[in-house]
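Comments concern the structure below.
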Amino acid sequence: TRLNIAVYRNRLQWTELGLRQRIMDVVTRVELNYYDLSFALENVKVQEKALELAQRLLEENKKRVEVGTLAPLDEKQSESEVSARQADLISAQQSLTTQENLLKRLLSDDFAAWNEVRLVPTESLSAERQFFNLQDSWSKGLTMRPEFLQAKLDVERQGIQVKINKNELYPQLDLKAGGGYSGTTPEFSGVFGDISRGDQPSYYIGGQISYPLGNRTARNSYNASKAEYEVMLLSLKRNEQDIMIAIDEAINVAKASFDRVNANKKAVEFTQAALDAEQKKLENGKSTSFIVLRIQRDLTAALSDEIRALADYKKYLAQLALSE
């Protein structure tokens, strides 16, 4: 009975940790989808800006063609670019709708009630430098991660089983003791009188000891449970190593992601400066629409890479928190 109580108490803690893990997974999925939605929304703005730049260049090129300072082929190239940017904008808008639906699915089990609701992030994507402490993160991971705590509870349960199996190796001793009162009066009613007066008390005590010859079954069970306990200890040590490695990798990825954000930000600045300079050269007849369009595409790609890096940085921080 005590064995069952100990095991059930252990399993209760185990299932509570399983529930905690499930909640953590769902919360993290919501967070990751939130940042994907933020990226999708910002990407629509980037594609809108790209379309605006392409349309502005097309209008300017039409004027240059009319006055004869630009070949009609350049105008066609600009029209082609406008069409391409319109297609990219449509694709970005579709991706935004898809991300909204994915987040709605996590937030509610009544999609019909949310179908007409627009999900708009309340904050823009940004990257604040985080300072990481590997030892602190390891300490969190090894004391808070539900699946690791579950593994420790599994080892504890197996330890209980080893203890019980070890007890089975010893001889079994049963002790019994008791007592009572007797009634001997011939009349039935008189018997109760004898008992109530306690005139004829009786007591007994006894014992029985048993020991199976060889006791092979108990020994085999004990050796098997002890071997399983040692295997589970090794598995727990491996899980500990895996957690430490995963946290270390998550920190390194987050650091690299932050550096990538800064690199992409500089790329946007340099590409914007190059576009401004090339547009001035085009106005002075020292460049071509082809070169301007190419730099516009480079700027759009750089802007998209920048917001992708920002979203990824946020996601990596969320995944690091889950790893801890």
Query raised in the report: What number, in nm² with one decimal, is the all-direction average of the projected area of the convex hull of the alpha-carbon atoms of region 81-213?
Result: 27.4 nm²
Requested in this report: For region 210-225, take each phi angle, set θ = phi - 60°, evaluate the Karplus expression 6.51 cos²θ - 1.76 cosθ + 1.60, and give the result in whole Hz per residue in order, putting x for glycine and proline.
Outcome: 9, 8, x, 5, x, 6, 5, 4, 5, 5, 5, 5, 5, 5, 5, 5
Query raised in the report: So what's the Cα pair-distance distribution over region 1-137, bin width 5 Å, in %?
Result: 2, 8, 10, 10, 11, 9, 10, 8, 8, 6, 5, 4, 2, 2, 1, 1, 1, 1, 0, 0
Report task. Name the residues whose placed amide hydrogens come within less than 5 Å of the amide hydrogen of residue 287, ignoring near sequence neighbours (fewer than 5 apart) on the same chain. Result -> 282
Report summary line: Using alpha carbon centers only, region 73-127 is separated from region 23-63 by a whole-angstrom value of 7 Å
Query raised in the report: From the phi of every residue in region 166-176, what ³J(HN,Hα) in whole Hz does the Karplus formula 6.51 cos²θ - 1.76 cosθ + 1.60 yield, where θ is phi - 60° and glycine or proline is x?
Result: 5, 4, 5, 6, 7, x, 9, 10, 10, 10, 9
Query - Inverse mean reciprocal Cα-Cα distance (Kirkwood Rh) of region 118-185, Å - result: 19.7 Å
Report task. Return one number: the angle in degrees, 0 to 90 and rounded to the nearest 10, between the long axis of the Cα atoms of helix 134-144 and the longest principal axis of the Cα atoms of the chain. Result -> 50 degrees
Query raised in the report: Which entries in the list 265/286; 104/315; 49/255; 49/266 go over 21 Å, if you measure between the two C-alpha atoms of each?
Result: 265/286; 49/255
Query raised in the report: Computed from the mean reciprocal separation of all distinct C-alpha pairs, what Kirkwood hydrodynamic radius does region 252-324 have, in Å?
Result: 13.7 Å
Query - Percent carbon-and-sulfur accessible area, the chain, ignoring ligands, DNA and RNA, probe 1.4 Å - result: 54 percent
Report summary line: Regression test value, accessible area per residue of the chain, probe 1.4 Å, units Å², expected 63 Å²
Report summary line: Among 51, 184, 38, the residue whose Cα sits farthest towards the positive end of the charge dipole of the chain (+1 at Cβ of Lys and Arg, -1 at Cβ of Asp and Glu, taken about the Cα centre) is 184
Query raised in the report: When the C-alpha atoms of region 82-128 are aligned to their principal axes, what extent does each axis show, in angstrom, from largest down?
Result: 40, 34, 13
Report task. Report the calculated FRET efficiency for residue 12 and residue 252 (r = Cβ-Cβ distance, R0 = 41 Å), to the nearest 0.05. Result -> 0.60
Query raised in the report: Using alpha-carbon pairs under 8 Å, 6+ residues apart, how would you state the relative contact order of region 189-324 in percent?
Result: 31 percent
Query raised in the report: Rounded, prolate or oblate: which one fits region 198-289, using the alpha carbon gyration tensor with axes a ≥ b ≥ c (rounded when a/c is under 1.5, else prolate when a/b beats b/c, else oblate)?
Result: prolate
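Of 78, 95, 323, which has the most accessible area with a 1.4 Å probe, and how do the rest follow in descending order?
Accessible-area ranking of 78, 95, 323, largest first: 95, 323, 78.
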Query raised in the report: Scaled to the compact-protein estimate 2.2 N^0.38 Å, what is the alpha-carbon radius of gyration of the chain, rounded to two decimal places?
Result: 1.94
Query raised in the report: In the P(r) worked out for region 170-324, what percent of Cα pairs fall beyond 25 Å?
Result: 72 percent
Query raised in the report: What ³J(HN,Hα) values, in whole Hz, does the Karplus curve 6.51 cos²θ - 1.76 cosθ + 1.60 give for region 272-286 when θ = phi - 60°, with x put for Gly and Pro?
Result: 4, 5, 5, 5, 4, 5, 5, 5, 5, 5, 5, 4, 8, x, 9
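The values are calculated or read from the model by the stated rules, or taken from the named source; none is laboratory data. Since we're looking at a predicted model, the values are computed, not measured. Virtual Cβ from ideal backbone geometry, glycine too; neighbours counted across all protein chains shown. Note: accessible area is taken over every heavy atom of the protein model, side chains too, but ligands, DNA and RNA are not part of it. Shrake-Rupley method; radii C 1.70, N 1.55, O 1.52, S 1.80 Å.
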